[in-house]
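Structure first, then comments.
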Amino acid sequence: MAKSQIWLAFGTIALLFLSAFADDTVVLTESNFEDEVGQDRGALVEFYAPWCGHCKKLAPEYEKVASSFKKSKSVLIGKVDCDDQKNLCSKNGVTGYPTIKWFPAKSLEPKKYEGARTAEALVEFVNTEGGTNVKLATIPSSVVVLTAESFDQVVLDESKDVLVEFYAPWCGHCKNLAPTYEKVASVFKNDEDVVIANLDADKYKDLAEKYGVSGYPTIKFFPRANKAGEDYEDGRDLEDFVNFINEKAGVSRDVKGQLTDKAGRHDTLDSLAQKLVQSTDDKKAVLSEMEEEVEKLKGSALKAGKIYLKVAKKWIKEGSEYAKKETERLARILDKSISPSKADEFIIKKNILSVFVGA
């Protein structure tokens, strides 16, 4: 099977979790609760605590519900952090977590939800109470699902940095980790050199044993330079994972998946760019040095290197105003609604231009 077909297959079968990164759930506080709830639309509200294990387990299911109703004008799906909004939760009679309540349109007198804590059951309940006919939304997971057949081709690919979670379907800690791990995959989904994957170690016991997995979840990182794998021993919050991948894979994203101002930057090329701008000697000689450095790069670093060269050639031809004007043009484009891939492309170019502007 061709590599492109394999990746397509992953996208088709990886429907395990809806990305909790989508932010389709409305965050409710004392300041906005009565503006959002009790209006012309019904509202399903989850009262939760961030530390609550049952709440963490519910999170991906509840986000599926929110995504299903995100285009509905007659239903709102909201949530209240009771650690942060104690008075609001007390006012609504919340004594345990999670508590889910339905507020009919034009009413602040709720009905407590007592059904199953699954997306299917919640959608059915909201349709009944709200008089809607919404179907449960499904969105492909950003986590690559590994099998015995695909493991080597994906994980041992020397052009990729791969993070692998070895999990068991019955494992409570794995279920608690799932929404965070999905967010990690969403953060790096546009980085072609980074793969966030998982393997059902209960089903593929031989592979788990091969890599020394004896408990769940076990997380291992397989950098492109060391396919023996290394244990991930950092924290299990989203920020911990993002910081780890940024450092190990040489990428630069924040927890929302946005590129930072360091993305695409390369220390040696930065130095050469500064040398080019400040030099009174033969600038083409400096450009040749840059070309030699770029030839050493691979993958996404090579793509960024080519941008350095393109900007350098433009700077030599058009002068210092080029970098400033191009930076301003890209800033205007980034203020508009553009695709994530285009935004990445323009942010990297803008970051590289800043070296030439500020040199």
Next on the checklist: For the stretch 257-359, which GluC sites (Glu not before Pro) pass both filters: DSSP loop (anything but H, G, I, E, B) and at most 11 other C-beta atoms within 10 Å?
Outcome noted: 295
Checklist entry - To the nearest 10 square angstrom, what accessible area does residue 339 show with a 1.4 Å probe? => result 50
Checklist entry - Using alpha-carbon positions, what is the distance between the centroids of the stretch 124-170 and the stretch 271-346, in Å? => result 37
Next on the checklist: Using the basic label-point model (7 angstrom from Cα toward the beta carbon), what is the residue 209 to residue 227 distance in nanometres?
Outcome noted: 2.3
Item to check | Stretchable slack from residue 90 to residue 29, in nm (0.36 nm times residue separation minus alpha-carbon distance) | outcome: 20.7 nm
Next on the checklist: I need the calculated FRET efficiency for the pair residue 133 and residue 337, taking r as the beta carbon distance and R₀ as 45 Å, to the nearest 0.05.
Outcome noted: 0.90
Item to check | Residues of type aspartates and glutamates that residue 205 reaches as a straight line, Cα spacing below 17 Å, ignoring anything fewer than 8 places off in the same chain | outcome: 149, 152, 165
Next on the checklist: Need the list of aspartates and glutamates near residue 275 for cross-linking: C-alpha distance under 12 angstrom, and skip anything on the same chain fewer than eight residues off.
Outcome noted: 289
Next on the checklist: If I take all pairs of Cα atoms in the stretch 136-287, what percentage of them are more than 27 Å from each other?
Outcome noted: 32
Item to check | Stretch in the chain that is longest and holds no trypsin sites (Lys or Arg not before Pro) that DSSP places in a loop and that have at most 10 other beta carbons within 10 Å | outcome: 136-295
Checklist entry - What does the accessible area per residue of the stretch 64-155 come to in Å², with a 1.4 Å probe and no ligands, DNA or RNA counted? => result 52
Checklist entry - If you line up the Cα atoms of the stretch 146-228 on their principal axes, what length do they span on each, largest first, in Å? => result 32, 27, 19
Item to check | FRET efficiency for residue 256 and residue 282, using Cβ-Cβ distance with R0 set to 41 Å, rounded to 0.05 | outcome: 0.40
Checklist outcome for this item: Per 10 angstrom bin, beginning at 0 and ending with the bin that holds the maximum distance, the Cα pairs of the stretch 218-277 fall in percents of 19, 39, 28, 11, 2
Checklist entry - Is it possible to state the helix-based mean residue ellipticity at 222 nm for the chain, with each DSSP H run of 4+ residues giving -39500 (n - 2.57), the sum divided by total residues, to the nearest 500 deg cm²/dmol? What is it? => result -14000 deg cm²/dmol
Checklist outcome for this item: Sorted by number, the cysteines in the chain with no other cysteine beta-carbon under 4.7 Å are none
Checklist outcome for this item: For the chain, inverting the pair-averaged 1/r of distinct alpha-carbon atoms gives a Kirkwood value in Å of 23.3
Item to check | Estimated Rh, the stretch 68-141: Kirkwood, alpha-carbon pairs, angstrom | outcome: 13.7
Next on the checklist: How big is the dipole moment of the chain about its Cα centre under a simple scheme where the beta carbon of each Lys and Arg is +1, that of each Asp and Glu is -1, and everything else is neutral? Debye, nearest 20, please.
Outcome noted: 1000
Item to check | Mean projection area, nm², convex hull over Cα of the stretch 103-194 | outcome: 9.1
Checklist entry - Counting other Cβ atoms within 10 Å of each Cβ, which GluC sites (Glu not before Pro) in the stretch 98-196 have at most 14 and sit in a DSSP loop? => result 114, 149, 158, 192
Checklist outcome for this item: Among the stretch 29-65, those whose backbone N falls under 14 Å of a label point 7 Å along Cα→Cβ from residue 112 are 47
Checklist entry - How big is the gap, in Å, between the Cα center of the stretch 31-49 and the Cα center of the stretch 223-248? => result 38
Checklist entry - Which ³J(HN,Hα) values in Hz, rounded to whole numbers, follow from the phi angles of the stretch 44-49 under the Karplus curve 6.51 cos²θ - 1.76 cosθ + 1.60, where θ = phi - 60° and Gly and Pro get x? => result 9, 10, 9, 9, 9, 10
Item to check | For q = 0.26 Å⁻¹, Debye-computed log10 I/I(0) when each Cα of the stretch 292-339 counts as one equal scatterer | outcome: -0.92
Checklist entry - Longest exposed-loop-site-free stretch of the chain, with chymotrypsin sites (Phe, Trp or Tyr not before Pro), DSSP loop and at most 11 other Cβ within 10 Å? => result 171-359
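The values are calculated or read from the model by the stated rules, or taken from the named source; none is laboratory data. What you see is a predicted model; the values in this text were computed from it and never measured. Cβ: placed from backbone, ideal geometry, glycine included. Neighbour counts: every protein chain shown. These accessible areas exclude ligands, DNA and RNA; they are computed on the full protein's heavy atoms, side chains included. Shrake-Rupley method; radii C 1.70, N 1.55, O 1.52, S 1.80 Å.
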